[in-house]
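Everything below concerns the one structure shown next.
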Amino acid sequence: MIAVALAGSVVVQGVMVALLWLDSKEAHPGLEVPLLVIGILAVASLQVVAVCIWRLLTMVERSTVFSYAAFRYVDIVIGAIAVASALTFSVAVVARFANHAVPEDAVAPGLVGLLCGLAVVVAGVALVVYVLRALLAQAVALDREAKHLQSELDEVI
């Protein structure tokens, strides 16, 4: 499922971005470049998260997820989600300036507010993953302690 999602995201980046570029030149001049860059970076952040989840699932399969190596992937996921939050907020900023530049107020002010709220929600997801990272740290510590106690028990027996 992750491989299909990654392949689909490459198609989105390659084909859909080109189509949006051609279509957006007529709609709002000056907004196509920022929105396309934001779109490409947003899909890239999703790809980073997918690859890290894939690596973590591989570690689960090998029973090595309770190790310090897993922290690297979890930290990358937290960073990618934080980038996605910043990108969501940047869409709100671009939409706000579209309102300022276009006389007929192309983007409703309420939509700009909703995008800002969505950016906060996405940042909250990063915080949830951070909490899960703390739980992983506790699990790694407990796993190390259990292995140490098992080795001491093996010496006694």
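The values are calculated or read from the model by the stated rules, or taken from the named source; none is laboratory data. Since the model is a prediction, treat every value here as computed from it, not as a measurement. When we count neighbours, we look across all protein chains shown, and the Cβ atoms used for this are built from the backbone with ideal geometry, even at glycine. Calculation scope for accessible area: heavy atoms of the full protein, side chains included, ligands and nucleic acids excluded. Shrake-Rupley method; radii C 1.70, N 1.55, O 1.52, S 1.80 Å.
Side notes on the structure shown:
- Alpha-carbon spread of the chain, three principal axes, descending order, Å: 82, 30, 18
- Anisotropy class of region 1-92 from Cα gyration tensor, a/c 1.5 cut: oblate
- Peptides ranked, highest mean first, by Cβ atoms within 10 Å: ranges 146-157, 118-129: 118-129, 146-157
- Between helix 32-61 and the chain: long-axis angle, C-alpha atoms, 0 to 90°, nearest 10: 20
- Under the criterion of Cα pairs below 8 Å and six or more residues apart, the relative contact order for the chain equals 22 percent.
- Whether region 108-147 is rounded, prolate or oblate, judged on the alpha carbon gyration tensor where a/c under 1.5 counts as rounded: prolate
- Area accessible to solvent at V10, 1.4 Å probe radius, in Å²: 90
- T58, T64, reordered so the largest accessible area comes first (probe 1.4 Å): T64, T58
- Among I38, I2, the sequence by solvent-accessible area, most first, with a 1.4 Å probe is I2, I38.
- Between 0 and 90°, nearest 10: helix 69-101 axis offset from the chain longest Cα axis: 10
- Exposure of L46 as accessible area (Å², to 10), given a probe of 1.4 Å and all protein chains: 120
- Folded to 0 to 90 degrees: helix 109-156 orientation relative to the chain principal axis, Cα: 10
- Local electrostatic count, K147, Cβ distance below 15 Å [Lys/Arg +1, Asp/Glu -1]: -4
- Atom-type composition of the exposed protein surface of the chain places 74 percent of the accessible area on carbon and sulfur (1.4 angstrom probe).
- Largest-first ordering by accessible area, 1.4 Å probe, given options M59, M16: M16, M59
- Reduced Cα scattering model of region 40-91, Debye log10 I(q)/I(0), q = 0.13 Å⁻¹: -0.34
- Residue-averaged 222 nm ellipticity for the chain, from DSSP H runs of 4+ at -39500 (n - 2.57), nearest 500: -30000 deg cm²/dmol
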